[in-house]
1. Extension gain T402-E262, at 0.36 nm per residue separation less the Cα-Cα distance, in nm?
2. From the mean inverse distance of alpha carbon pairs (Kirkwood) and the Cα radius of gyration, derive Rg over Rh for segment 243-372.
3. What residues have an amide H closer than 5 Å to that of L209, excluding those fewer than 5 places away on the same chain, when H is modeled at 1.01 Å from N in the peptide plane?
4. Considering only protein heavy atoms and a 1.4 Å probe, what is the carbon-and-sulfur percentage of the accessible area of the chain?
5. What do you get when you divide the Cα radius of gyration of segment 297-345 by 2.2 N^0.38 Å, with N the number of residues?
6. When each pair of different Cα atoms in segment 75-231 is counted once in the 1/r mean, what is the Kirkwood radius in angstroms, to one decimal?
7. Based on the Cβ-Cβ distance from K389 to Q119, what FRET efficiency comes out when R0 is 56 Å, to the nearest 0.05?
8. Which whole DSSP H helices in the chain pass both tests: a Cα extent of 20 Å or more along the axis and a mean Kyte-Doolittle value no lower than -1.0?
Amino acid sequence: MKIKSTNKIERNGNVAPAPAGTGACRICGAPLRHTFVNLGMSQLCESILNVDQLDEVEAYFPLHARVCEQCFLVQLNQYVSPEVIFREYAYFSSYSTSWLAHAKDYCRMITNRLALNGQSLVVEIASNDGYLLQHFRPFDVPVLGVEPARNVAEVAIKRGIPTRTDFFGFDVASRMVGEGLRADLIIGNNVLAQVPDLNDFMSGIAELLKPYGVVTLEFPHLQRLMAESQFDTIYHEHFSYFSLLTVIRLAERHGLKVFDVEELYTHGGSLRVYLAHLEAPFRQESRVTSVLDQEDKFGLGKLSTYTSFAKRVCRVKRNLLGYLIGSKDEGKTICGYGAPGKGNTLLNYCGIGTDFLNFTVDKNPYKHGRFTPGMHIPIQPPEMIDELKPDYILILPWNLKTEIIDQMRHVDEWGAKFIVPIPNLQIIDPREHLA
Ligand SMILES: [Zn+2]
């Protein structure tokens, strides 16, 4: 399908520089005049490198997040089209145990709450390898995945999860409706941030949704990002960063209302919002007002709250670098744990290369023997930690720190400690860390 975009000029087929300096808000079109945080120049986070690519030129793009003074959407300019990002997407959700459990619990809960049955249709947008939709099987609820990455969609289809390879938007939704498909439930988990044209996406949802259907969207909560200085969740593949306030404004533009919201612990603190058509008979739950009040108290309705965020980010950088430099001066060895997209923002912004980390490890075999973009840190299987026996392990996916420390508890045999950079620098001795 054709991707619509307002601030993209295609050049060389892939690279699409935005207008110099600013651009227009992805939701309301207001000019973007205010900096949220400027993380310098960086590569695409998911473009991990093979050994033969290490001498090639890498493309760097400004990682400069701005905030809209009208609707408070925090956003990056889009430099690369989603086709390029998702052509061969390295991230398979199935590799995190806590995320799998989260998906299974959700399917049981929502099947009961909406009384889904064999006549219902559940559509998941960006359905990945089918890790979530598979959990509707015990309830005999028909499902359909829409997944842009062909290699990932193929895995889902092999598992028996009907999946179409498409970038979801209004055109795809209309085609689906033309084929007689309407959804009782539309699921979008961690997809909103990656949508280049939010109005096109939301109008597609409104089109595909049955009159009494429900949409649930999960996304990292901007308030948590700000409160906990989670600047490393900002990367080129995530174009937008949302509060409940902003999502309500976006939904209303497309005849949808938010009638419930849950606060989740996933991805460093997320929201799960429930949407329906404006005229559908869903009463607004008190949780909506309570999260909105909380956002208001935090200052998410005031521009100055956003423009003062960058100072906190600088402090995280100084604290982490100070500790790493001190440890290296003492002759300690350090390696990383995890090679998530967010890890690369942190490594690049702080300038942490192989002068600090011997390597990083990841459970995903797809990444083994490859290198992180920019800093070129080798990615190894987790067993390499047992061989090197480092003094410190820097946890890059800090949102999974409890799970990782539990899995790696045995490193206390040689006295290794964990470094957690965010929200505040924390050094954790696994002997003192209780699960
Ligand atoms: Zn706006």
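1. Details: separation 140, 0.36 × 140 = 50.40 nm, distance 2.21 nm.
48.2 nm is the gain from fully extending T402 to E262.
2. Values: Rg = 21.0 Å, Rh = 18.6 Å.
Dividing the radius of gyration by the Kirkwood radius yields 1.13.
3. Under 5 Å from the amide H of L209 lie the amide H atoms of A183, each far enough along the sequence or on another chain.
4. On the way: 9130 of 17700 Å².
Of all accessible area on the chain, carbon and sulfur atoms account for 52 percent.
5. Values: Rg = 16.0 Å, N = 49, 2.2 N^0.38 = 9.7 Å.
For segment 297-345, the normalised Cα radius of gyration comes out at 1.66.
6. Values: mean 1/r = 0.0615 Å⁻¹.
Radius from the Kirkwood sum: 16.3 Å.
7. Numbers: r = 58 Å, r/R0 = 1.03.
The calculated FRET efficiency here is 0.45.
8. Numbers: long enough: 97-113 (24 Å, -0.66); 310-329 (29 Å, -0.33).
The answer, listed by residue number, is 97-113, 310-329.
The values are calculated or read from the model by the stated rules, or taken from the named source; none is laboratory data. The structure presented is a predicted model; accordingly, all values stated were derived computationally and were not measured. Glycine gets a Cβ as well: all are built from the backbone with ideal geometry, and neighbour counts include every protein chain shown. Accessible surface is based on the protein model in full, side chains and every heavy atom, while ligands, DNA and RNA are left aside. Shrake-Rupley method; radii C 1.70, N 1.55, O 1.52, S 1.80 Å.
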